[in-house]
1. Tell me, in nm to one decimal, what length is gained between Phe258 and Lys104 on full extension, where the rule is 0.36 nm per residue of separation less the Cα-Cα distance?
2. Spelling out what I want: for every residue of region 43-59, take phi, set θ = phi - 60°, compute 6.51 cos²θ - 1.76 cosθ + 1.60 (Karplus), and round to whole Hz; glycine and proline get x.
3. Return the sequence-ordered ³J(HN,Hα) values of region 64-80 in whole Hz as given by the Karplus equation 6.51 cos²θ - 1.76 cosθ + 1.60 applied to θ = phi - 60°, using x for Gly and Pro.
4. Just the number please: accessible area per residue for region 18-114, 1.4 Å probe, all protein chains included, in Å².
5. Count neighbours as other Cβ atoms within 10 Å of each site's Cβ, and list the trypsin sites (Lys or Arg not before Pro) in region 240-295 that are DSSP loop with at most 15 such neighbours.
6. Cα atoms only, region 1-159: Rg and Dmax in Å?
7. Tell me what the chain gives for mean residue ellipticity at 222 nm when only DSSP H runs of n ≥ 4 count, each as -39,500 (n - 2.57), the sum divided by the residue total, rounded to 500 deg cm²/dmol.
8. Hey, of (i) 78, 45, 33; (ii) 59, 51, 39; (iii) 57, 52, 43, which did the structure itself give for Cα extents along the principal axes in Å when calculated?
Amino acid sequence: MAGVQRELLGHSPHVGEAGAVEKFVLKSDRVKVELLSLGCIITALETRDRDGQASDIVVGFDHLEGYVNKHPYFGAVIGRVANRIAKGKFILEGKEYQLAINNKPNSLHGGTKGFDKVLWTPEVLPNGVRFFRISPDNEEGYPGELKVWVTYTLDGGELAINYRAQASKATPVNLTNHAYFNLAGQGSRDIYDHEVSIEADSYLPVDDTCIPTGEVAAVQGTGFDLRQPVEIGKHLKKFHLDGFDHNFCLKQSAVRQFCARVHHPHSGRTLEVYTTQPGVQFYTGNALDGSLTGKGGTTYPKHSAFCLETQNWPDAVNKPHFPDVLLQPGDEYNHTTWFRFSAS
């Protein structure tokens, strides 16, 4: 059982609703997680290495201003639709919708002011926090009012994130968390010595704007075959890859399924991911460039962290053969992802 602490972190007029941002600390005997009511952001996540030494393994900022200012979605919940929508357009029930273009020429992670940039209403639970908000009709160009609940619970070495949503009109919904991990400890220079495996037989090739081409390609014989553990740095060199920012296609399942495993041999830390989602975006921090000053004055250069964003497939609203991303009135969006931390 985890304990929960709650405190007022600060005020920011930039986020509206009086700007009061709260911080929540979840703590078990193995893991400590810090969360904000702004964007449901994970600001810190401490786990122990094989020698019992605790380190924070997610990148971010020491102060609230870092999260209020522009940043690459560190630790935040992403919505109404995670990932990219081609040219910010889709047709639903005969009507064309145009979203903000915030990742030219596409719409990315919910638009100009997505779920990562708004205040949520928190409710403290015995072992976690439930955040709630109502996304109004036409927010960022999306149809219908959307009620959203995001619940973080901590049990021993496992952090669960449950996402629920209900819509007044048919609308695309695809929620995820965008935590950036480095199992050597945040601020470590790169993730090249991390060993990763992803339980996926296929992936989505993308065009030069990171939009899936529509092909569902087998990983067999390619640099995207991560079904057995590979050391990230050596693997990128072997296949002449600049990094990963791709959706890996998981088996369709309504129940918890194994998704990915990352191991850091030097510290012994291991992260295992389980989910009910049909895909996971594996991202190796390709756009990090050292320009942001993070925790303890450290900077985050390229490939200094990785993300495993469990989600629906990118641009699914424009590709009928992809898993359905539309939430209908009367139905409920309900997905859970589990992050299990251990050391050996």
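The values are calculated or read from the model by the stated rules, or taken from the named source; none is laboratory data. Computed from a prediction, not measured in an experiment: that's the story for all the values here. Here the Cβ positions follow ideal geometry from the backbone for every residue, glycine too, while neighbour counts run over all protein chains shown. When the accessible area is computed, the model is the full protein with side chains, heavy atoms only, and any ligands, DNA or RNA have been set aside. Shrake-Rupley method; radii C 1.70, N 1.55, O 1.52, S 1.80 Å.
1. Values: separation 154, 0.36 × 154 = 55.44 nm, distance 3.37 nm.
Here the answer is 52.1 nm.
2. Listing the rounded values in order: 8, 7, 8, 9, 9, 9, 8, 5, 8, x, 7, 8, 9, 7, 10, 10, 7 Hz.
3. 4, 4, x, 7, 6, 6, 5, 7, x, 6, 3, x, 8, 7, 10, x, 6
4. On the way: 4000 Å² over 97 residues.
Spelled out: the 1.4 Å probe surface of region 18-114, per residue, equals 41 Å².
5. Numbers: sites: Lys251, Arg256, Arg261, Arg269, Lys295; in loops: Lys251, Arg256.
Filter output for region 240-295: Lys251, Arg256.
6. 17.2, 59
7. Values: 2 runs with 12 residues, N = 344.
The helix-only estimate for the chain comes to -1000 deg cm²/dmol at 222 nm.
8. Given (i) 78, 45, 33; (ii) 59, 51, 39; (iii) 57, 52, 43, the calculated one carries the label (ii).
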